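This report concerns only the one structure given below.
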Amino acid sequence: MIIADLSEIDGRTYPARRRTQNLVGGASPIQAASFSMGYVTLEPNGGQVPWHNQEQEEIYFIVEGAGEMCLGEERAAVRAGSAVYIPHRVFHQLTNTGAAPMRMIYCYVRRATWPTGARNWTARCRARGGSAAAARRSVAAVDGEAGPPTPSVSS
């Protein structure tokens, strides 16, 4: 049994004042073939998931706090208990507008068009002592484009 425990996942902190902890995919011990999931903490008063888009659909579920969700040209207030559907290729952004941390879970389906063996590259790369990032770069090279989305250090 493989368990990803948030208390044991350091995650990454980004300049946009957010911390992302991968629960499935990325640096998580769980490497599902079909989806990714993570836990994001946005700092009070402006912590943000900056504008971006992805090839696949995504769901944001707000666990705690309040903020503003931008989806294409739409804007809406979100709060704990809100789930937001994000269609593929639509630019979106989430900003914490409250005085307390905002916490959310994201989930998205991984692309089904990867070459057959590509999904296992992360596991193989790690088995040889490599990193998940190196495996993603390898998958991207095979695909001829970006593989699973990964946050950049400038975000």
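Numerical summary
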{"item": "Ascending count of other beta-carbon atoms within 10 Å, so fewest first, for I59, I2", "result": "I2, I59"}
{"item": "Neighbour-count order for S7, S82, S28, fewest beta carbons within 10 angstrom listed first", "result": "S7, S82, S28"}
{"item": "Region 36-65-region 82-107 distance, computed between alpha-carbon centres (Å)", "result": "4"}
{"item": "Residue order, fewest to most beta carbons within 10 Å, for H92, H52", "result": "H52, H92"}
{"item": "Amide H partners (placed H, <5 Å) of I30, local residues excluded", "result": "G25"}
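Any read-out appearing in this document is the output of simple, stated calculations on the displayed coordinates, not a laboratory observation. Note that this is a predicted model, so its numbers are computed, not measured. A quick note on method: Cβ atoms are made from the backbone with ideal geometry, for glycine too, and the neighbour counts reach across all protein chains shown.
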